[in-house]
Each structure stands twice: as structure tokens, then as C-alpha cells.
Amino acid sequence: MATTSRRRGRGHDPESVLSAAVGVFNERGYDGTSMEDLARALGVTKSAIYYHVPGKEQLLARALDRALDGLFEVVADQRAATGPAIERLSWVVRHSVRVLVERLPYVTLLLRVRGNSATEVAALERRREFDRFVAALVKEAAAAGQIRAGLDPALVTRLLFGTVNSITEWYQPGRGTADDLADALLAMAFDGLRV
């Protein structure tokens, strides 16, 4: 009887179902994960999962939204909209690192999508929207003489966020804070960009 009550206690709320799904998606790949795999990871039946979501694609959508919503909260903040462009860019990079650290499994999953479904295509378009926002900041900083002239804003954006995104490949919770990571990244990247 203890096993039954323990199983019922695990994975029966939307948050724990989503968290477990993201872990399995990151381990096996979204396409390589079945609802049976998710049920096994949660220690529940497939029907227990269907109680919370209609299917695997909705779990993917919720997971990708968790990562993307964090990034769009950063760009919606007033500090991303006012002040010198280089300072706004620095703020966006710093807080993007924070989102990555706080939502590591979700951001990791986001960075692995390839557009194999309507959900993935929509997520990729939102990522491109974020990239365009950052590229516009880089372009504005260049026009204001706050970064070196002649740098392609789209390329700077890709290189900068390629560095940010690479954190998902090696970072483990407890290996420095988000602020430590952001400080190091900004010192490395921005000291090379500033005039």
C-alpha cells in the first residue's frame, strides 16, 4: 500500500509532469520519447499524464514557452528599453544568463528544437524575434559609437548569444551563480566590444 500512495503522490500535478517530461525530452530527444517513457519516468500510468495534458506536443509547447517567456520578460523590462544601447544590451545579456541558469532544462530543450513540428516552428520564430531585438540593440550601440564600427550586428548577436547558450553544455547548478557567469561573460565579450 505504501508504494501505491507514493506513486500517486509523484507526478500528479502539472508542474511535476512538465518537469519530468523536460528531463526525458532532454535525455532521449523529443522525437525519441513516448508517452510510455514519460509515464515510466513519473512512476504513473499514461492515463495519469493525460489527466493533465492532451499529449506529448502540449508538454513540449509548455516547456518551450517556459524558456521563451523568461527571455521575453527580459526584453519587456523597462531596463531593456531606456538608456544607452550598450547598457541595455549588457542588461539583456546579464538577465538572459539568469534565465538560462534558473530555467536550465527548459532552455536546453529550446536550444535543441529543429522545427520538426508546428510547436517547434513557433518556438523557433519566437527565438528569431528575440534575436532581432538583440541585433537592433547591437546596431543602435554601433550607430551611437558605443561598440566598434564595422561589426555586423547579426553576427555580434549570434556570437554573443552563442556564448550565452553554450552555458547549457557545461553548467551544473552549484558551479557559480548566474551573476558570476554573467560577470565573466560580460567582461570577456564587452571589453572586446567597447571602444
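Basic (Lys, Arg) and modelled with pLDDT of 95 or more, is that true of residue 94?
For residue 94, the condition - basic (Lys, Arg) and modelled with pLDDT of 95 or more - is met.
Given the options 103, 88, 79, 114, name the one that is at pLDDT below 95 and within 30 Å of residue 189 (Cα to Cα).
None of the other options fit; the residue is 114.
Suppose the filter is farther than 25 Å from residue 83 by Cβ and crowded, with 18+ Cβ neighbours inside 10 Å; does residue 112 pass it?
no
Give the residue, chosen from 114, 40, 98, 94, that is basic (Lys, Arg), more than 25 Å from residue 174 (Cα to Cα) and outside any loop (DSSP other than H, G, I, E, B).
40
Could you tell me whether region 149-164 includes any residue that is in contact (Cβ under 8 Å) with a residue 24 or more places away in the chain and in contact with a Pro (Cβ under 9 Å, 6 or more places away or on another chain)?
no
Any chance region 142-153 includes a residue that's at pLDDT 95 or above and of a type outside the set (A, V, I, L, M, F, W, C)?
Within region 142-153, none of the residues are at pLDDT 95 or above and of a type outside the set (A, V, I, L, M, F, W, C).
Kindly check whether there is at least one residue in region 141-151 that is surrounded by fewer than 14 Cβ atoms within 10 Å (Cβ to Cβ), assigned to a helix (DSSP H, G or I) and of a type in the set (Lys, Arg).
Scanning region 141-151 turns up no residue that is surrounded by fewer than 14 Cβ atoms within 10 Å (Cβ to Cβ), assigned to a helix (DSSP H, G or I) and of a type in the set (Lys, Arg).
Can you name the residue in region 44-82 that is of a type in the set (Ser, Thr, Tyr) and either within 23 Å of the chain's Cα centre (by Cα) or not in a helix (DSSP H, G or I) (or both) and is also surrounded by the fewest Cβ atoms within 10 Å (Cβ to Cβ) among such residues?
82
Against the condition closer than 23 Å to residue 24 by Cβ and assigned to a helix (DSSP H, G or I), how does residue 164 come out, does it pass?
Taking the combined requirement at face value, the residue does not satisfy it.
Given (1) loosely packed, with under 13 Cβ neighbours inside 10 Å; (2) closer than 16 Å to residue 71 by Cβ, identify the lone condition not met by residue 172.
Unmet for residue 172, out of (1) loosely packed, with under 13 Cβ neighbours inside 10 Å; (2) closer than 16 Å to residue 71 by Cβ: (2).
So is residue 182 assigned to a helix (DSSP H, G or I), assigned by TED's automatic domain parsing to the domain that holds residue 82 and free of Cβ contacts under 8 Å to residues at least 24 places away in the same chain or not?
No.
The values are calculated or read from the model by the stated rules, or taken from the named source; none is laboratory data. Keep in mind that what you see is a predicted model, and the values were worked out from it rather than measured. Note that we place each Cβ from the backbone using ideal geometry, even for glycine, and neighbour counts take in every protein chain shown.
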